[in-house]
């Protein structure tokens, strides 16, 4: 299980109330929140892989979290609160789309939502995962995702058939899911 | 195209590589690991992402319509069922209606969820609820775990009392686990760890009708 290092009553809720998180200034609140939501958007996008879903989920985070923010707290507290909300929203997203309960999804959430700064994510993370795969699996994922090849083009490049590449793509993705790039 | 795992994954990969939404179907859950990996590779292939100017403007409008003075507490949000209804809301209209200005932010722990103009919602037959096991139900915008106790039922909110994270029922130790923090709650809503100063979960009103149906007070 992925665990947020922040414990209740610490940085997330510096006031000790455990109820609301403070915003630095009323006049700048929207700008600050938008800047933080940029990070949330990148975090979510890195997990759902498409703009439409990322926008919907980021909006959900804003709607859920923003009314509970209040004037006066450090940006780190706001960020912690927004990302905790983002994790919850992502969990509900996968749960709904896959038709699984949150409990069934639990272990996968841990894989999908690792700790770490958003800036370190996406491309670098993908490269670390690819580096752990066998040559064939790495090649098929590189060609398909990073170079944008069609299945037919990948098959031609790897001197194989479309059917075989399709199966290899599935196995490569399964193998990639098992790699922990943060280890 | 036959409905094989490799064909299902190829359809999802193609959608992702064309920038389309994730459209998942029955059976796709079996390949959830591959699907989440595909989504991550698709994101990686497109490089760092920023919000579009149009989306940023839309978000700004939403944020500016949320309350600036009458700050909505987490528990007030629960009373309104905002936790589950957030996706459907277009602003802070509900929030403004809930929290009078100047009201203390912290409320008493374990206050019951009493929606305004709440109504009792049928969530299933009593026979569908197993003794000792929590079952997640929704009554409008109110989410709750219902526990059967003989011929009666109790219910607590499915939202963690610290952060707005939706709890899940852990059948083994029979506790409600929070996906965001290492905390859990007993079926009566009390936190399991004495070391975390967490409030108890909100109680949700639940009852059994004379016809043997479980009803939850929701929205």
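General observations
- Inter-chain shielding of A:51-59 (mean C-beta neighbours from other protein chains, 10 Å cut-off): 5
- Mean Cβ neighbour count within 10 Å, used as a protection proxy, ranking B:165-174, B:45-54 highest first: B:165-174, B:45-54
- Taking 1.306 mPa s as the viscosity and 10 °C as the temperature, the Stokes-Einstein diffusion coefficient of segment A:130-183 based on its alpha-carbon Kirkwood radius rounds to 143 µm²/s.
Computed from the coordinates by the stated procedures, all read-outs in this text should not be read as laboratory data. Note that the coordinates shown come from a computational prediction; the quantities given were computed from them, not determined experimentally. Ideal geometry is used to build each Cβ from the backbone, glycine not excepted, and the neighbour counts take in all protein chains shown.
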